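The values are calculated or read from the model by the stated rules, or taken from the named source; none is laboratory data. These numbers were taken from a predicted model, which means no experiment stands behind them. Using ideal geometry, Cβ is built from the backbone for each residue, glycine included, and neighbour counts are taken over all protein chains shown. We work out accessible area using only protein heavy atoms, side chains counted, and drop any ligands, DNA or RNA first. Shrake-Rupley method; radii C 1.70, N 1.55, O 1.52, S 1.80 Å.
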Amino acid sequence: MTIIIPPEFEGRTLRSYLKFTLALSTAVIARLKNHERGMVVNGERVTVRYVLRAGDVLEIADRDTAESATETVTPVHLPLEVLYEDEHVIALCKPPDMPTHPSHGHLCDTLANALAYRYEQQGEPFVFRPLGRLDRNTSGVVVAAKTRAASGTLSQALRRGDVRKRYLAILDGPLPVDGQTHDIIAPIYRPQAEGSILRAVCSEDTEGADHAHTRFRVLASSDTHSLVLAEPVTGRTHQLRVHFAHIGHPITGDELYGRVSDHIGRHALHALSLSVPLPYTRATGTFSSDHPLTMEELDPQLPLNAPTPDGYLHTWAPLPPDMALLIEMLFSEDFALPSRPVVGDLRLL
């Protein structure tokens, strides 16, 4: 990574800039210190005590190497839709019936295998660092960091609550299209032994209870189903599936928390959009805004899957055919997703 130091960071030590501005972890900084070309300013190797000047050209050896690459993921030529990519992150649209990670019984058919093949063809070392994961039958956006440093920065953004995820779900049963945003606040725990995937709503004083908050809006409704845009404010395992089942409207086709559907062969859940601050945009002076802009402050006609003026990436993952056909069948007279999505479309929630 190469950075031209903006004027506002003149006088800072390199250690301070790496730790507090780039948000690099102690482990990453230690690795840079031990690397022969880990930290270079204006062509010369420096220590973390170096005092930065405006216009300095800082080079950081944050790329993966053949020695650090993952060897346990087999590269496999699989369909892979890339929504956005730069030197730090890649945003992908995962199809349904594709696991995110390799596991027992799924060693060569995952998103990680497909991405490993892409990097192999480009001659790049591969390490899979997704920001969260989607269930095998959930389609939609997955963002992955391309370097260890970027992974740490994105993880910090997630912990701060700076990452927003929006899902489109079809639910069993009708709900009123009232234009309001509704909240489900109900703790979730794992009621069975370690290793069980099942989760359930519980009381706050239940052992192992985790606070869980879901926000949603009903976009369309029929006599038998509802279409909702949902945001998991917290990120618990199976949160949306558990919460919608809890209010009596399980996700259509959810065999674990609802019932099998004649209309779709999986649970009808799609990770429609993810908003994430791009690593280092403010630290490098790439964007002039000194704070994340609200959706109302952003130009609603800005295209998605591209950086916005506040240094965020707002993604939009096209619907897979099974959900698109089911929405058309159930709600064709009441609702249609925008065909040319822009930032303004995300104001639905």
Q) Out of region 129-161, which residues are open to solvent by less than 30 Å² (accessible area, probe 1.4 Å) and either of a type in the set (Lys, Arg) or on the phi > 0 side of the Ramachandran plot (or both)? A) 140, 146
Q. How do the pairs read when you match residues in region 61-90 that are over 28 Å from residue 23 (Cα atoms) with residues anywhere that are at pLDDT below 90 and open to solvent by 50 Å² or more (accessible area, probe 1.4 Å), using Cβ under 6 Å and keeping only pairs 6 or more apart or on different chains?
A. none
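When you go through 70, 13, 21 one by one, which is the residue that is over 19 Å from residue 155 (Cβ atoms) and among the polar types (S, T, N, Q)?
Working: 70 fails: over 19 Å from residue 155 (Cβ atoms); 21 fails: over 19 Å from residue 155 (Cβ atoms).
Of the residues listed, the single one that is over 19 Å from residue 155 (Cβ atoms) and among the polar types (S, T, N, Q) is 13.
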Q) Do we have any residue at all in region 179-194 that's more than 19 Å from residue 101 (Cβ to Cβ), acidic (Asp, Glu) and touching a residue at least 40 places away in the same chain (Cβ under 8 Å)? A) no
Q: Tell me, please, whether a residue that is of a type in the set (Asp, Glu), touching a Lys or Arg at 6+ places or on another chain (Cβ under 7 Å) and open to solvent by 20 Å² or more (accessible area, probe 1.4 Å) can be found in region 258-268.
A: no
Q: Under 8 Å between Cβ atoms, at least 6 apart or on separate chains: pull out the pairs that start in region 117-130 with a residue that is closer than 20 Å to residue 107 by Cα and end on any residue that is charged (D, E, K, R).
A: 125/63; 125/64; 126/64; 126/120; 127/64; 127/148; 129/146; 129/148
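So, residue 198, is that one open to solvent by less than 70 Å² (accessible area, probe 1.4 Å) and assigned to a loop (DSSP other than H, G, I, E, B) or not? Lay out the reasoning, then the answer.
On the way: open to solvent by less than 70 Å² (accessible area, probe 1.4 Å): yes; assigned to a loop (DSSP other than H, G, I, E, B): yes.
It is true that residue 198 is open to solvent by less than 70 Å² (accessible area, probe 1.4 Å) and assigned to a loop (DSSP other than H, G, I, E, B).
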Q) Quick one: residue 247 ticks every box in (1) open to solvent by 10 Å² or more (accessible area, probe 1.4 Å); (2) within 30 Å of residue 307 (Cβ to Cβ) bar one, so which box is it? A) (2)
Q: Given the conditions (1) under 20 Å from residue 185 (Cα atoms); (2) open to solvent by 30 Å² or more (accessible area, probe 1.4 Å); (3) hydroxyl-bearing (Ser, Thr, Tyr), report the number of the one that residue 224 does not fulfil.
A: (1)
Q. Out of all the residues in region 219-270, which are under 26 Å from residue 208 (Cα atoms) and small (Gly, Ala, Ser)?
A. 230, 235, 245, 248, 258
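Of the residues 127, 201, only one is among the β-branched types (Val, Ile, Thr) and modelled with pLDDT of 90 or more; which?
Details: 127 fails: modelled with pLDDT of 90 or more.
Residue meeting the stated conditions: 201.
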**Q.** Breaking point among (1) touching a helix residue (DSSP H, G or I) at 6+ places or on another chain (Cβ under 8 Å); (2) open to solvent by 20 Å² or more (accessible area, probe 1.4 Å); (3) under 25 Å from residue 132 (Cα atoms); (4) modelled with pLDDT of 95 or more, for residue 182
**A.** (1)
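Where in region 1-103 are there strands (runs of 3 or more DSSP E), lying wholly inside it, with at least 3 residues that are at pLDDT 85 or above and open to solvent by 30 Å² or more (accessible area, probe 1.4 Å)?
Result: 81-85.
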Q. If residue 323 satisfies every condition in (1) modelled with pLDDT of 90 or more; (2) open to solvent by less than 10 Å² (accessible area, probe 1.4 Å); (3) not in a helix (DSSP H, G or I) but one, which is the exception?
A. (3)
Q. Does residue 336 count as surrounded by 14 or more Cβ atoms within 10 Å (Cβ to Cβ) and among the hydrophobic types (A, V, I, L, M, F, W, C)?
A. no
Q: Identify, by number, the condition in (1) at pLDDT 85 or above; (2) open to solvent by 50 Å² or more (accessible area, probe 1.4 Å); (3) closer than 24 Å to residue 156 by Cα that residue 306 doesn't meet.
A: (2)
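Would you confirm whether any residue within region 164-172 is open to solvent by less than 60 Å² (accessible area, probe 1.4 Å), more than 25 Å from the chain's Cα centre (by Cα) and in contact (Cβ under 8 Å) with a residue 40 or more places away in the chain?
Within region 164-172, the subset open to solvent by less than 60 Å² (accessible area, probe 1.4 Å) is 165-172.
Among the residues that remain, those that are also more than 25 Å from the chain's Cα centre (by Cα) are: 172.
Now restrict to residues that are in contact (Cβ under 8 Å) with a residue 40 or more places away in the chain: 172.
The answer is yes; a qualifying residue exists.
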